[in-house]
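The values are calculated or read from the model by the stated rules, or taken from the named source; none is laboratory data. Just so it is clear, the model here is predicted, and its values are computed rather than measured. Quick reminder, even Gly has a Cβ in these numbers, built from the backbone with ideal geometry, and neighbours come from all protein chains shown. Calculation scope for accessible area: heavy atoms of the full protein, side chains included, ligands and nucleic acids excluded. Shrake-Rupley method; radii C 1.70, N 1.55, O 1.52, S 1.80 Å.
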Amino acid sequence: MAKRTLPILKHFLTSPSPSPSPSHALTSVRSVTYMPRPGDGNPRAVTLIPGDGIGPLVTGAVEQVMEAMHAPVYFERYDVHGDMKSMPPNVMDSIRKNKVCLKGGLKTPVGGGVSSLNVQLRKELDLYASLVHCFNLKGLPTRHENVNIVVIRENTEGEYSGLEHEVVPGVVESLKVMTKFCSERIAKYAFEYAYLNNRKVVTAVHKANIMKLADGLFLESCREIASKYPGIKYNEIIVDNCCMQLVSKPEQFDVMVTPNLYGNLVANTAAGIAGGTGVMPGGNVGADHAVFEQGASAGNVGNDKILEQKKANPIALFLSSAMMLRHLQFPSFADRLETSVKRVIAEGKYMTKDLGGDCTTQEITDAVIANLD
C-alpha cells in the first residue's frame, strides 16, 4: 500500500500556507532552483468541468490567469450539470486519460432519487482522499488568528455509500458502511501527509461513543497507523466536541483525519473560521487521478443574485489551481499564482462581497493578473 500511497501525496507537499510577510515583500523567488526532467515543460491536458451556477464564471477566471501566465496547460472542456443521472462516459474517459481535472461546483438535487455526480466521480476514480487547507490570509481579518488546519476526509464510503431503501411506507433505512481497508488507507494518507509536510499532530474525529462498531473500526485503524509514526502526536476527539473546539480555539488543530460525513462538516466549519469558503483550496486524490476544486463545498455554486451580478469569488479556485500546477510539476507557475493571489488579498483593495468588498469576478481576476511576476 505504501508504494501506491506515497506518490499521490507529492502534489500536496507545498499546499498554500499563510505568509507573514507584508504584501510588497511577497515573492515567488526560490533560493534553490527547481531542476526539471527533460520534457517536463511539455503542455499538459487538463479536463475542465465548469459545472453549475457560478462554476463557469470562476473556472473562466482561472482560464484567463493561466493564459496570462502562459502556463503549460490546456483545457478539455465538458459541460456537465448536477441534474444529470450520471457522469457522461466521454468525460470519464477524458479524466482517465489526462489524470487531472479542474471543476466548478455541481449542484446536487435535494431528494428525488437523483444521486450526486460528485460522489459518483469520487467512487468511479477511487478518489479516496479529500484534502481541504484552511488558513488565515494576511489582509483578511478573521475572529481567530494562527489558523492553519488541513482536513483529510475519507471520500468513498461511510454515510455516502448510497445504500438507502424504504423498509415499509414511512420507514427508511440508510446504511453507513465502514471498512478496515478504507479506514487504514485514509489514516496512512493523513500520517504520511503530516510526515512529509513537517506537521506535528494528527487528530482523528469520530463518534465511537455511539457508533461503537463503525467509528470504532475507524479509530482502531488510525491507532494502528499512528503507532508507525512515533514522531507525530496522535489525538482523538468526538465530533460534537470537535465542532465546539473549532469555533472556540481552532489554532489547536493541525492535521485532522475524518470519516466521510464528519469531514464535510469539519472542513466547511474550519473554512468559515479561517476566512470563508470562497478562499479555501482543496482537491480529491487517488492513486491514479486528482480532481481540484473549491476546498469547502458550501456556496460553491453560489446563488442567482451573485451570478447575475457576476460577483463570484474566484480566490479558492485560483489557489486550488496552484495546487494543481504543483501536482503537474510546474512549481514556478504555482508559486507565481499563489503569490499574486496573496498580494491582492493583502492589499485589500479588490474583494468580493463575501470578503467585505463589492468587486466583480473580473475585477479580482484582472488584479491577480496585474500582480503576476
Can you tell me the length gained on complete extension of the stretch GLU166 to ASP79, counting 0.36 nm per residue apart and subtracting the Cα distance? 27.9 nm
With runs of 4+ DSSP H residues as the only contributors, calculate the mean residue ellipticity of the chain at 222 nm using -39,500 (n - 2.57) per run, divided by the residue total and rounded to the nearest 500. -12000 deg cm²/dmol
So, counting K/R as plus one and D/E as minus one, what does the shell of residues with Cβ under 13 Å around GLU164 add up to? -2
Along the Cα→Cβ direction, 7 angstrom out, place labels at TYR229 and LYS212. What is the inter-label distance in nm? 2.9 nm
At a Cα cut-off below 20 Å, give the aspartates and glutamates reachable from LYS207, other chains included and same-chain residues fewer than 8 away excluded. GLU154, GLU157, GLU159, GLU173, GLU184, ASP215, GLU220, GLU224, GLU236, ASP240, ASP254
Compute the Rg to Rh ratio over the stretch 313-373 from the alpha carbon atoms, using the Kirkwood formula for Rh, and round to two decimal places. 0.99
How big is the Cα convex hull of the stretch 136-232 in projection, averaged over all directions, in nm²? 9.4 nm²
Cross-link reach list, aspartates and glutamates versus LYS353, counting only Cα pairs under 16 Å and skipping chain neighbours closer than eight places: ASP304, GLU308, GLU363
Using Cα-only point scatterers and the Debye equation, what is log10 of I(q)/I(0) for the stretch 172-212 at each q in 0.14, 0.15, 0.21, 0.22 Å⁻¹, rounded to two decimals? -0.46, -0.51, -0.81, -0.85
Quick one: accessible surface of LYS249, probe radius 1.4 Å, all protein chains present, in square angstrom to the nearest 10. 110 Å²
Please give the contour-minus-distance gain from GLU236 to ASP288: 0.36 nm per residue of separation, less the Cα-Cα distance, rounded to one decimal in nm. 15.7 nm
Keeping all protein chains in place, calculate the accessible area per residue for the stretch 285-350 (probe 1.4 angstrom), answer in Å². 34 Å²
Computed P(r) (all Cα pairs; the chain; 10 Å bins; percent): 5, 24, 34, 26, 9, 1, 0
Would you grab the residues whose amide H sits under 5 Å from the one on MET256? Only those 5+ places off in sequence or on another chain, please, with H modelled 1.01 Å from N. VAL150, VAL151, ILE152, THR203
Using the membrane-span-like helix rule (whole DSSP H runs, Cα extent along the own axis of at least 15 Å, mean Kyte-Doolittle hydropathy at least -1.0), which helices of the chain qualify? 55-69, 180-196, 214-226, 260-274, 315-327, 331-347
What size of dipole, in debye to the nearest 20, comes out for the chain about its Cα centre when the only charges are +1 on Lys and Arg C-beta atoms and -1 on Asp and Glu C-beta atoms? 960 debye
Which part of the stretch 305-346 falls in the paramagnetic zone of MET35, meaning amide N under 20 Å from the point 7 Å along Cα-to-beta-carbon? 329-333
Scattering curve values for the stretch 242-373, log₁₀ I(q)/I(0), Debye with Cα scatterers, q = 0.09, 0.14, 0.17 Å⁻¹: -0.29, -0.70, -1.01
On a full-extension model of 0.36 nm per residue, what is the gain between ASP93 and LYS349, subtracting their alpha-carbon distance, rounded to one decimal in nm? 87.9 nm
What does the charge count around ILE238 come to, taking other residues whose C-beta lies under 10 Å from its C-beta (Lys +1, Arg +1, Asp -1, Glu -1)? -2
Taking the Cα centroid of the stretch 44-86 and of the stretch 138-202, what is the distance between the two, rounded to the nearest whole Å? 26 Å
Using the structure shown, list the pairs from LYS233/LYS311; LYS138/LYS228; LYS99/LYS176; LYS97/LYS311; LYS188/LYS310; LYS99/LYS233 with a Cα-Cα distance above 31 Å, or answer none. LYS233/LYS311; LYS138/LYS228; LYS97/LYS311; LYS188/LYS310; LYS99/LYS233
Leaving out ligands, DNA and RNA, and with a 1.4 Å probe, what % of the accessible surface on the chain is carbon or sulfur? 55 percent
If you add up the charges near TYR229, with Lys and Arg at +1 and Asp and Glu at -1, over every other residue whose beta carbon is less than 12 angstrom from its beta carbon, what do you get? +4
Heavy atoms only, 1.4 Å probe, whole protein assembly: order PHE333, PHE181 by accessible area, highest first. PHE181, PHE333
P(r) tail for the stretch 194-270, what percent of Cα pairs lie past 18 Å? 39 percent
From the backbone phi of the stretch 279-289, what are the Karplus-calculated ³J(HN,Hα) couplings (6.51 cos²θ - 1.76 cosθ + 1.60, θ = phi - 60°) in whole Hz, Gly and Pro given as x? 10, 9, x, x, x, 10, 9, x, 5, 10, 9
